[in-house]
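The values are calculated or read from the model by the stated rules, or taken from the named source; none is laboratory data. In this text the structure is predicted, and so the values were computed from the model without any measurement. Every residue, glycine as well, gets a Cβ built from its backbone with ideal geometry; the counts of neighbours run over all protein chains shown. Areas reflect the complete protein model, heavy atoms only, side chains present, ligands, DNA and RNA absent. Shrake-Rupley method; radii C 1.70, N 1.55, O 1.52, S 1.80 Å.
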Amino acid sequence: MDSTPAVARVWAGWAQEHGFDADEVVRIAHGRPSITTIRELLPDGDHEAEDREMERREMADIEGVIPLPGALELLQALPLERWAIVTSCTRPLAGVRIGAAGLPQPKHLVTASDVHRGKPDPEPYVKGAQALGVPAAECVVLEDAPAGIRAGKAAGARVLALRTTASDAELREAGADWIIDDCSEIFLDSALKDETILFLSRRTK
């Protein structure tokens, strides 16, 4: 789903309140759990309180949260048990955004609430593969954030990067196997449906 405008608004507001450069904060926050960014930028702050406030703000701001082109068609073409959403947002926030975007509810959902170490650590995608009952090496990860690409590669999966919020150079440096504009460029045949498992990340634009 494309939640990038909402994410940018919330993080830009937070950055200005704390005296940080908004563009830089939005860039480093992309694709990572909120509390990771908060801990990095406010080492002496009340991390849990700040994280709760960020979650509240993100749940309240869903304007412009829409499906990425081709995402709905892709999910409808795949068997429900063959894909998972692996996201850096919390489970409550994930539910709000999935609903706002009009995407089907996933059978398998891994969120920041379900892991000890978020992206770029491989744990989220390792858990996603476990939920699907297959090795991560047999999975294809769809990502638009360098942190998520690194997580997918570290888990052993192949990564299809979406050309949305990062440059091709950043996507390649993170380890992307392929780069496309959006999900409308993905075509499935019957064999692919049986053999490929797709993960959708937090902010696919």
Counting only protein heavy atoms, what percent of the accessible surface of segment 85-193 is carbon or sulfur at a 1.4 Å probe?
52
GluC sites (Glu not before Pro) within segment 47-101: DSSP coil, no more than 16 neighbouring Cβ in 10 Å:
Glu63
When the dipole is taken about the Cα centre of the chain, and only Lys, Arg (+1) and Asp, Glu (-1) are charged at their Cβ, what size is it in debye, to the nearest 20?
440
Using per-residue counts of other Cβ atoms within 10 Å, averaged over each peptide, order 87-98, 16-27 from highest down.
87-98, 16-27
Angle between the Cα long axis of helix 47-60 and the longest principal axis of the chain, 0 to 90 degrees, nearest 10?
60
So, in Å, what gap is there between the alpha-carbon centers of segment 11-78 and segment 120-150?
20
Quick check on the chain: helices-only [θ] at 222 nm, where DSSP H runs of length 4 and up contribute -39,500 (n - 2.57) each and the sum goes over total residues. Nearest 500, please.
-13500 deg cm²/dmol
Note on segment 57-183: alpha-carbon gyration tensor, axes a ≥ b ≥ c; rule is a/c under 1.5 for rounded, else prolate if a/b larger than b/c, else oblate; result rounded
What accessible area per residue, rounded to a whole number of Å², is obtained for segment 25-145 using a probe radius of 1.4 Å?
44
On Cα atoms only, tilt of 4-18 relative to the major axis of the chain in degrees
20
Once you sort the root eigenvalues of the Cα gyration tensor of segment 114-159 as a ≥ b ≥ c, which label holds: rounded (a/c under 1.5), prolate (a/b larger than b/c) or oblate (the other case)?
oblate
Here the relative contact order (percent) of the chain, from C-alpha pairs under 8 Å and at least 6 apart, is 25
Residues meeting the amide H criterion for Arg158 (H placed from the backbone, H to H distance under 5 Å, 5 or more places apart or on another chain) are Cys139, Val141
May I ask for the angle, rounded to the nearest 10°, between helix 123-132 and the longest principal axis of the chain, with both axes built from Cα atoms and the value confined to 0 to 90°?
40
